[in-house]
Amino acid sequence: MVVLSAGLVPPQNENLKKTFHSPIGDDGFFVTSNPKSDPVTTTMEGVFVAGVAEGPKDIPDAVIQASAAAMKASIFLKE
């Protein structure tokens, strides 16, 4: 079996880190409050991450996470 994979290097998020005061993990991606049960909520209120900003993932997982982030944002805006 041969698996072909492109490497993924996180972008330099220093400007975003300073703007949103959101921590970045050792791997270079944004850290969420609870990666297992709530992978879109950051430590800053009202800031949510989705897709590759949180870590490497395939397209279906990125779409699901983006939907979850949009729902969290809509709930936040209603409050």
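So, in the stretch 56-79, of the ones that are in a loop (DSSP other than H, G, I, E, B) and not basic (Lys, Arg), which residue ends up surrounded by the most Cβ atoms within 10 Å (Cβ to Cβ)?
Pro56
Given (1) touching a residue at least 24 places away in the same chain (Cβ under 8 Å); (2) loosely packed, with under 13 Cβ neighbours inside 10 Å; (3) not small (Gly, Ala, Ser), identify the lone condition not met by Pro23.
Going through the list (1) touching a residue at least 24 places away in the same chain (Cβ under 8 Å); (2) loosely packed, with under 13 Cβ neighbours inside 10 Å; (3) not small (Gly, Ala, Ser), Pro23 breaks only (1).
Within the stretch 27-34, identify whether any single residue is exposed (fewer than 15 other Cβ atoms within 10 Å of the Cβ) and at pLDDT 85 or above, and answer yes or no.
yes
Among the candidates Ile24, Ile64, single out the residue that is under 14 Å from the mean Cα position of the chain (by Cα), β-branched (Val, Ile, Thr) and modelled with pLDDT under 90.
Ile24
List, please: which pairs have Cβ atoms under 7 Å, are six or more places apart or on different chains, and start with a residue in the stretch 61-79 that is closer than 8 Å to Ala50 by Cβ and free of Cβ contacts under 8 Å to residues at least 60 places away in the same chain and end with one that is in a helix (DSSP H, G or I) and of a type outside the set (S, T, N, Q)?
Ala62/Gly51; Ala62/Val52; Gln65/Gly51; Ala66/Gly51
Output the residues belonging to the stretch 39-55 that are surrounded by 15 or more Cβ atoms within 10 Å (Cβ to Cβ) and part of a loop (DSSP other than H, G, I, E, B).
Pro39, Val40, Thr42, Val47, Val49, Ala50, Glu54, Gly55
The values are calculated or read from the model by the stated rules, or taken from the named source; none is laboratory data. What you see is a predicted model; the values in this text were computed from it and never measured. Cβ coordinates were reconstructed from backbone atoms using ideal geometry, including for glycine residues, and neighbour counts include every protein chain displayed.
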